[in-house]
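Enquirer: Mind looking over this structure? Questions follow.
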Amino acid sequence: MAKSQIKNEQSRILSDKKYTLREYTFDFLPANQTKWETHTREVFDRGHAAAVLLYNSAKNTVVLTEQFRYPVYLVNKQDTSIEVCAGLLDGDSPEACAIREAYEETGYKVSNLEAMGAVFTSPGVLTEKIHLFLAAYDETMSVGSGGGLEEEQEHINVLELSVDRAMKMVESGEICDAKTVLLLQAVQRKNTQKGIL
Ligand SMILES: Nc1nc2c(ncn2[C@@H]2O[C@H](COP(=O)(O)OP(=O)(O)O[C@H]3O[C@H](CO)[C@@H](O)[C@H](O)[C@@H]3O)[C@@H](O)[C@H]2O)c(=O)[nH]1
Ligand SMILES: [Mg+2]
């Protein structure tokens, strides 16, 4: 089976402030076809990211963050978004980024990460790939104040919730961030396998 082909790729910058929005044009030959098409696509580049869900299997609880997200406010009129810890790699490995963000955002110093794959949350428009992790936590790892970085205007509340409560918030739509839903479902799957649920 013939694969699709791409040629004559060109791009121009539409916006280049904190992140970069480019318009790409390229010729595209769909798989198993003979007619080339010219495509134009706007693509937003803000680098790649890592996200980590802090999970305590003994208590069956998770630690989440709650913060104002303007895009969520624009669409849902919600004044906060409840999410797993996450941030841009900023030159770090995905693992180092997940550990750094967990500390900055929640004050927990986690170490043993379990990799849960990597996803594009909006492949039609965003280049961003988010590396997903689970990390065990307990009270002894809570060594910082969390809350995020003042210089980045982050005002983060830290929430500790039972997995059951968090899953109910997914069902009700209170939790609607894709990476958070994925990682909560991963924890729930683990519980099902262990016979907890
Ligand atoms: N000045 C300015 N600041 C920004 C902008 N966008 C974000 N910030 C600030 O910079 C901080 C960056 O924090 P990180 O923790 O590194 O990234 P993040 O925004 O939390 O990103 C993660 O979560 C997002 C929301 O779910 C995801 O979209 C993203 O992929 C990633 O996983 C944000 O919290 C916000 O305060 C911007 O356009 N301009
Ligand atoms: Mg963040």
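Enquirer: Give the angle, between 0 and 90 degrees and rounded to the nearest 10, that separates the Cα long axis of helix 94-106 from the longest principal axis of the Cα atoms of the chain.
Expert: With both axes taken from Cα atoms, the answer is about 50 degrees.
Enquirer: Still on this structure, I have one more. Between LYS18 and GLN78, what is the label-point separation in nm under the 7 Å Cα-to-beta-carbon projection?
Expert: For GLN78 paired with LYS18, the spin-label model returns 1.9 nm.
Enquirer: Using the heavy atoms of the protein chains and a 1.4 angstrom probe, tell me the accessible area per residue for the chain in square angstrom.
Expert: Ligands and nucleic acids excluded, the figure is 59 Å² per residue.
Enquirer: Can you give the angle from 0 to 90° between the axis of helix 178-194 and the longest principal axis of the chain, with both taken from C-alpha atoms, to the nearest 10?
Expert: The helix 178-194 is inclined about 50 degrees to the chain.
Enquirer: Amide H of GLU128 versus every other amide H placed in the peptide plane: which residues, excluding those fewer than 5 positions away on the same chain, fall under 5 Å?
Expert: Placed amide hydrogens put ARG46 under 5 Å from GLU128.
Enquirer: Provide the per-residue ³J(HN,Hα) series for the range 64-76, in order, calculated from phi with Karplus coefficients 6.51, -1.76, 1.60 and θ = phi - 60°, each as a whole number of Hz, with x at glycine and proline positions.
Expert: 10, 10, 10, 8, 6, 10, 4, x, 5, 5, 4, 8, 9
Enquirer: Here is a further query. So what's the range 39-118 giving for Cα Rg divided by 2.2 N^0.38 Å, two decimals?
Expert: 1.28
Enquirer: In terms of modelled amide H atoms, which long-range or inter-chain residues lie less than 5 Å from the amide H of CYS176?
Expert: It is ILE82, by chain and number.
Enquirer: Which lysines have a Cα lying under 19 Å from the Cα of LYS35, excluding residues fewer than 8 positions away in the same chain?
Expert: LYS3, LYS7
Enquirer: Same structure, new question: Determine, for each peptide in 11-19, 152-160, the mean count of other beta carbons within 10 angstrom over its residues, then list the peptides with the highest first.
Expert: Those peptides, ordered most packed to least, come out 152-160, 11-19.
Enquirer: Still on this structure: Starting from the Cα-Cα distance between LYS190 and ALA115, subtract it from 0.36 nm times their residue separation and give me the gain in nm to one decimal.
Expert: Answer, rounded to one decimal: 25.6 nm.
Enquirer: Still on this structure: Using a Förster distance of 41 Å, how high is the FRET efficiency between SER4 and ASN56, based on the Cβ-Cβ distance and rounded to 0.05?
Expert: Rounded to the nearest 0.05, the efficiency is 0.35.
Enquirer: Can you give the charge dipole size of the range 69-154 about its Cα centre, rounded to the nearest 20 debye, using +1 on the beta carbon of Lys and Arg and -1 on the beta carbon of Asp and Glu?
Expert: Around 340 debye, computed over the range 69-154.
Enquirer: Could I ask something else about it? Determine the calculated [θ] at 222 nm for the chain from helices alone, applying -39500 (n - 2.57) to every DSSP H run no shorter than 4 residues and normalising by the residue count; nearest 500 deg cm²/dmol.
Expert: -7500 deg cm²/dmol
Enquirer: Could you work out what % of the accessible surface of the chain is carbon and sulfur, using a 1.4 angstrom probe and leaving DNA, RNA and ligands out of the count?
Expert: Of the solvent-accessible surface of the chain, carbon and sulfur hold 49 percent.
Enquirer: Moving to a separate point now. Rounded to whole Hz and in sequence order, give me ³J(HN,Hα) for the range 150-162 from the Karplus expression 6.51 cos²θ - 1.76 cosθ + 1.60, θ = phi - 60°, writing x for Gly and Pro.
Expert: Values per residue, Gly and Pro as x: 4, 5, 9, 6, 8, 10, 10, 8, 9, 10, 10, 10, 5 Hz.
Enquirer: Below 8 Å, C-alpha to C-alpha, sequence gap of six or more: please give me the relative contact order for the chain in percent.
Expert: The normalised contact order for the chain reaches 20 percent.
Enquirer: With all protein chains present, calculate the accessible area of VAL143 using a 1.4 Å probe and round the result to the nearest 10 Å².
Expert: 90 Å²
Enquirer: To the nearest 10 degrees, how steeply does helix 163-172 sit against the main Cα axis of the chain, on a 0 to 90 scale?
Expert: 50 degrees
Enquirer: Distance between Cα centroids, the range 119-197 to the range 32-66: provide it in whole Å.
Expert: Their Cα centres are 13 Å away from one another.
Enquirer: Taking every pair of distinct Cα atoms and averaging 1/r, then inverting, what Kirkwood hydrodynamic radius in Å comes out for the range 49-194?
Expert: 15.3 Å
Enquirer: Let me ask something else about it. Report Rg (one decimal) and Dmax (nearest whole number) for the range 5-45, counting Cα atoms only, units Å.
Expert: Spelled out, the Cα radius of gyration and Dmax of the range 5-45 are 12.5, 41 Å.
The values are calculated or read from the model by the stated rules, or taken from the named source; none is laboratory data. Keep in mind that what you see is a predicted model, and the values were worked out from it rather than measured. All Cβ positions, glycine included, derive from the backbone under ideal geometry; neighbour counts span all protein chains shown. The accessibility values were calculated without ligands, DNA or RNA, using every heavy atom of the protein model including side chains. Shrake-Rupley method; radii C 1.70, N 1.55, O 1.52, S 1.80 Å.
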